[in-house]
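Where a number appears in this text, it was derived from the coordinates with a stated rule and is not lab data. In this text, all values refer to a predicted model and were calculated from it rather than measured experimentally. FYI the Cβ positions are ideal-geometry reconstructions off the backbone, even for glycines, and counts take in every protein chain you see.
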Amino acid sequence: MSAALFAPHILPGKLGTNYFYPDKSYFAYYSSKNIRLIRFPFIWERVQHDLDKGLNFDQIRLLRRTLDYAAAHGQKIILDMHNYGRYKDQLIGSPAVPYEAYANIWRKLAETFKDHPALYGYDIMNEPHSTQGLWPGAAQAAVYAIREVDRKTPIIIEGDRWASAFHWPHYNADLLIEDPADNLIYSAHLYLDSDFSGKYEPENSKDIDPMLGVERARPFIEWLKTHNLRGFLGEYGIPDDNEEMKVAMDNLLAYLNDNCVPSAYWSAGPGWGTYKLSLEPRDGQDRPQMKIMQKHLANSCTEIGPFPD
């Protein structure tokens, strides 16, 4: 449910013009579809206008309101810092954004939200990429900082190269983070176009093998099994008008259920208009992707996998 991440280049931006926070109706709709987990992106620069300063009151109020709405509808929220491994275009771990500044913001956020009943987990960074080897150190700093104030909430770790599931073992072989609370979940992303981007340009969205989603997820799943770690597919999504991709999505979700790996569809929330990946109903009608999702909501998993063979 991602409209709060819109216009990250306009800072801090204007609520309702450049970015949006969802009202109760969005939570009610997804609750009616039995969707209980919501990944909610926010922008670091809006929550903290300057490094090592306090949190922005208005943004924290809006994040808390989001959690309150979820709690009222029996849902859980993953708080996702949607910044690609950067703050104001500077890499975390660079002189401009030292590790301790990143640790500091997550320490503050955890202290603020740790006791909220709708909080499921902290997704400490969306799609870090081109981090010059700095990302594992950043992730470790954030985990240690969160655990200073919160020992119970799961921490979700995405990988370098935009968290690509298919490329995970090559770019994230050493992303083995220590957690004093032993409660990490690793998160990958997956799209079905030929350039892996999720932009779904027509020339990149043809001749889709029905098992493409499974084959793109498999390297990540096998890496998790090798290291006996838990996993989450934090983003996947398809255009609403591509029949081949609907079959591939169906097979992907079956494969994830077989491995007890949960997932979050991209995307929902206000402001998407005619975006083909959006799950928001149009003219009172559900999107075609919703039917495929609902088919796979029921499963026999009692814990997050995958589990070693």
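Quick look at the numbers
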| item | result |
| --- | --- |
| Contact order normalised by residue count of the chain, Cα under 8 Å, 6+ apart, percent | 15 |
| Sequence-separation-based contact order of region 1-136, relative, with Cα cut under 8 Å and 6+ spacing, percent | 25 |
| Nonlocal amide H pairs with ILE185, under 5 Å, H built at 1.01 Å | ILE155, ILE156, ILE157 |
| Under 5 Å, built H, 5+ apart or other chain: amide partners of TYR120 | ILE77, ILE78, LEU79 |
| Rounded to 5, the percent of DSSP beta bridges in the chain classed as antiparallel | 15 |
| Whole-Hz couplings from phi, Karplus 6.51/-1.76/1.60, listed for region 182-191; x for Gly and Pro | 6, 8, 9, 10, 8, 10, 10, 10, 8, 10 |
| Within region 144-200, GluC sites (Glu not before Pro) in DSSP loop having at most 16 other beta-carbon neighbours inside 10 Å | GLU178 |
| Three-way shape label, region 44-155, alpha-carbon gyration tensor, a/c 1.5 | prolate |
| Length added when fully stretched, HIS49-ARG282, from 0.36 nm per residue minus Cα-Cα | 80.3 nm |
| Residue among HIS167, HIS227, HIS49 with the largest mean-square fluctuation in a Gaussian network model of the chain, springs linking Cα atoms under 10 Å | HIS227 |
| Extension gain (nm, one decimal) between LYS88 and GLU178, 0.36 nm per residue minus Cα-Cα | 29.6 nm |
| Vicinal HN-Hα couplings computed from phi for region 44-56 (Karplus, 6.51 cos²θ - 1.76 cosθ + 1.60; Hz; Gly/Pro x) | 3, 4, 7, 6, 9, 5, 9, 4, 6, 9, x, 7, 6 |
| Counting all C-alpha pairs of region 138-233, share separated by more than 15 Å (%) | 62 |
| Helix-only [θ]222 nm of the chain, DSSP H runs n ≥ 4, -39500 (n - 2.57) each, per residue, nearest 500 | -10000 deg cm²/dmol |
| For ILE78, net neighbour charge (Lys/Arg +1, Asp/Glu -1) across residues whose Cβ lies under 9 Å away | 0 |
| Pairs beyond 30 Å (Cα-Cα), from LYS33/LYS114; LYS199/LYS295; LYS14/LYS53; LYS88/LYS114; LYS108/LYS295; LYS14/LYS152 | LYS108/LYS295; LYS14/LYS152 |
| Alpha carbon centroid spacing (whole Å) that separates region 163-193 from region 95-116 | 21 |
